[in-house]
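Below you'll find the structure, written out as structure tokens, and then a few comments.
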Amino acid sequence: LHMYSLFSRMDPQRHDLYWIFDGLLKRLEELGGPEQVSVFDFGCGVAHSGLAFTAAGYRTVCVDVMSEYLNFQRFMADVRGLEPILVRAESEEDFYDTGSDGHRYGLVIEWSSFEHIRDARKAVEALTAGLVPGGYFVTTTFCKDWTPELLEHYRRDSYEDEIFEEYMSPELDVWLRERYDVLSPPNTLAKVLVKKG
């Protein structure tokens, strides 16, 4: 319960998903709505970002490596009468491929997950493979305006310096900016990357 209250991405008291949720729904509607596009929540943890999109009518896939987190997600979904697709990753190197499940994605969310992931480029490729042109990749890790303090926070939050250096590599930043336009919405920790056509 402590983690649930601490990490809820829909908390108006924090600079989280709450502040951009309406804009994300608007973009999903522009991409065809629930009949045309799905939502993917990578590293869902115990936050209820994915459940919010499920409640809005979207097929939503929530993935985490921790079965306890997914059990909590299932409990919260059951209480609300929601049916997200909950997937347990076998390891932190097991990346759900949105391009291989037969669905089109209008939104991929990554909130403080890449600090723990090896092979960041491989992960991003898999997670966003099914993202349609104009779709949004919401990330708290990539294409940010880094300050020394923020860099140090991310370095400490990563398990190893090697992981930090990989997701912070200039090559990955260039690769992402070649494929996405970068938006900086106010009042949120996230960057919104818009997939180029």
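Averaged over its residues, the chain has an accessible area of 49 Å² per residue, based on protein heavy atoms and a 1.4 Å probe.
Length available on full extension from Asp145 to Met66: 0.36 nm per residue minus the Cα-Cα distance, which gives 25.4 nm. Most simply put, the chain has about 30% antiparallel DSSP beta bridges, counting only bridges with both residues inside it. Between Pro185, His116, Val46, the Cα set farthest toward the positive side of the dipole of the chain (charges on each charged residue's Cβ, about the Cα centre) is that of Pro185. With all pairs of different C-alpha atoms in the average, the Kirkwood value for the hydrodynamic radius of segment 1-159 is 16.0 Å. Dividing the summed helix terms, -39500 (n - 2.57) for each DSSP H run of n ≥ 4, by the number of residues in the chain produces a 222 nm estimate of -10500 deg cm²/dmol to the nearest 500.
Partners of Lys196 within straight-line reach, counting aspartates and glutamates whose Cα lies under 12 Å from its Cα and excluding those fewer than 8 residues away in the same chain: Glu178, Asp181.
Would you mind getting me the FRET efficiency between Arg156 and Glu35? Use the beta-carbon distance for r and R0 = 41 Å, nearest 0.05. Efficiency, rounded to the nearest 0.05: 0.40.
Please report the relative contact order for the chain, taking Cα pairs under 8 Å with a sequence separation of at least 6, and give it as a percent rounded to a whole number. Result for the chain is 20 percent. Within the accessible area of segment 1-150, the carbon and sulfur atoms contribute 52%, probe 1.4 Å, all protein chains present. Segment 16-61 and segment 137-175 have Cα centres lying 24 Å from one another. Each residue of segment 68-197 gets 135 Å³ once the volume of the Cα convex hull is shared out per residue.
The values are calculated or read from the model by the stated rules, or taken from the named source; none is laboratory data. Please read these numbers as outputs of a predicted model, since none were measured by experiment. Glycine also receives a Cβ, built like all others from the backbone with ideal geometry; neighbour counts cover every protein chain displayed. What goes into the accessible areas is simple: the full protein's heavy atoms, side chains included, and nothing from ligands, DNA or RNA. Shrake-Rupley method; radii C 1.70, N 1.55, O 1.52, S 1.80 Å.
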